[in-house]
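This report refers to the structure that appears directly beneath it.
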DNA sequence: TCATGCTATGAAACTCGTTGCATATCAACC
DNA sequence: GGTTGATATGCAACGAGTTTCATAGCATGA
């Protein structure tokens, strides 16, 4: 029981790094946290309400000038305990869902026109990942200009970002391999 | 409409490569196909029944000696059409779920004992990925001993496998980076 | 004044996939 | 004869996450 529950813990980490509203969390999930955990705002609001009911977080209504009010969430002790308990559980094996790999193998059962369309699609996909890599590298220079001078939290954020960077580089190299293979077919 | 629907197409590709029963598919998803698309036997049986009802596949009851009967599935024309239609749709952006990355950033909010436990867990996780890499490399030597002498389908399978191999190598290098970072904290 | 767009939150319906359970055949072994 | 284990299929209940829709305040510009 307790299951893996997933999103709760990503939210706890994000709120510990910096308290904020559901809307702000949703934007973080579109940027930094979203590199390794995606979530929509609907899901975030739903989970935040449950976490508040469970006493994991506390909410504070904040009136703002020139904008709608917001509910700012902060992690409470039970939430912190839930997180440290989860941190000690074994990491679940990743459940991989790589759609492009399925399509590449599927291309064996399509005609020349289909394979040509796939090449175009792989090229577009590759451009997206190149953009992502550039965004990561820009973010790295902005957030970690002096890697020797970081506190523990920043070093951990940095090593996760380096993982994202190496992943993108690996994907780009593999997509070149894929394109060569498709062209030589 | 039509959504991404996911598993159907992975099953279609697998059945086109080789017709088989739900049980056989489940084992393939634990090995080859499962590298980039995971599925349990319950889900596979459920989807196969739906695909049969939709006319995407046809089933044949096969009595066997020394084993229970099985239902062998073959892709029908509508299924093939559904696949080629899907192949021409844009690849959806991956929805990343990297639990370990969340835990690493979460370690900033845990004590020394928690970080020590995380190091142990990362080492176990690393050993798993090393095993996976070795399995891929063994499979590559077995299935593609002569890369110059492959048909289109095999070349596509091979390039997907190379992606898996490079992914594992990248993960192992990153995990070493993670371990150094955690030790130096 | 109207449209657009960003900030901000949420409900309802649905789909996908997991977990736990149930069933059955047959081989091999003790 | 009874257990274990592989083969083989499936249901029911649940949980996580997506999609669609709805609401509302306020700013900016046409």
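Some observations on this one:
- Remark: label point of residue B:120 defined 7 Å out from Cα along the Cα-Cβ vector; separations to the same position in other copies 5.5 nm, ascending.
- Shielding of B:12-23 by partner chains, average beta-carbon count, 10 Å: 2
- Each residue in A:122, B:160 was given a count of other beta-carbon atoms within 10 angstrom of its own, and listing them fewest first yields A:122, B:160.
- With the alpha-carbon atoms of region A:79-185 aligned to their principal axes, the span from lowest to highest coordinate is 55, 33, 18 Å, starting with the largest.
- Two-decimal log10 I(q)/I(0) for the protein assembly as shown, as the Debye equation yields it once each C-alpha is a single scatterer, q = 0.09, 0.11, 0.14 Å⁻¹: -0.62, -0.89, -1.28
- Across chain A, Cα-Cα pairs more than 26 Å apart make up 49 percent of the total.
- The two copies B and A are related by a rotation, and the chain B beta carbon nearest its axis, with distance in whole angstrom, is B:170, 2.
- Taken residue by residue and averaged, Cβ atoms of other chains lying within 10 Å of the Cβ of A:84-94 number 6.
- Hypothetical label at residue A:89: residues of region B:93-107 whose amide nitrogen lies under 13 Å (7 Å Cα-Cβ projection): B:99-100, B:103
- For chain B, modelled as a GNM whose springs connect Cα atoms under 10 angstrom apart, the maximal fluctuation among B:35, B:67, B:27 occurs at B:67.
- Over region A:9-91: Kirkwood hydrodynamic radius from C-alpha pairwise inverse distances, Å: 13.1 Å
- Copies compared at residue A:139 - label distances in nm, ascending, label defined 7 Å from Cα in the Cβ direction: 3.1
- If you run the Gaussian network model on chain A, springs between alpha carbon atoms under 10 Å, then out of A:141, A:64, A:157 the most flexible one is A:64.
- This ranking places A:32, B:14 by how few other beta-carbon atoms lie within 10 Å of each, fewest first, which gives A:32, B:14.
- Taking the C-alpha atoms only, the angle from helix A:77-87 to the longest principal axis of chain A is near 30 degrees.
- Principal axes of region A:62-125: Cα extent on each, largest first, Å: 59, 44, 14
- One chain, two ends: residue A:81 and residue A:120. Fully extended at 0.36 nm per residue, the span grows by 9.1 nm beyond their Cα-Cα distance.
- Candidates B:48, B:87, B:16: whichever shows maximal mean-square fluctuation once chain B is modelled as a Gaussian network with Cα springs under 10 Å: B:87
- For chain A, the longest principal axis of the C-alpha atoms and the axis of helix A:41-53 are separated by about 30°.
- Placing a pseudo-label 7 Å from each Cα along the Cα-to-Cβ vector at residue A:69 and residue B:140 gives an inter-label distance of 5.9 nm.
- Chain B - mean residue ellipticity at 222 nm from DSSP helices (-39,500 (n - 2.57) per run, n ≥ 4, rounded to 500): -21000 deg cm²/dmol
- Taking only the C-alpha atoms of region B:125-174, the Rg (one decimal) and the largest Cα-Cα distance, Dmax (whole number), read 11.8, 36 Å.
Readers should treat all values here as calculations from the given coordinates under stated rules, not as data from a laboratory. Only a predicted model underlies this, so the values are computations on that prediction, with no experimental measurement involved. Positions of Cβ are backbone-derived with ideal geometry, glycine not excepted, and every protein chain shown enters the neighbour counts.
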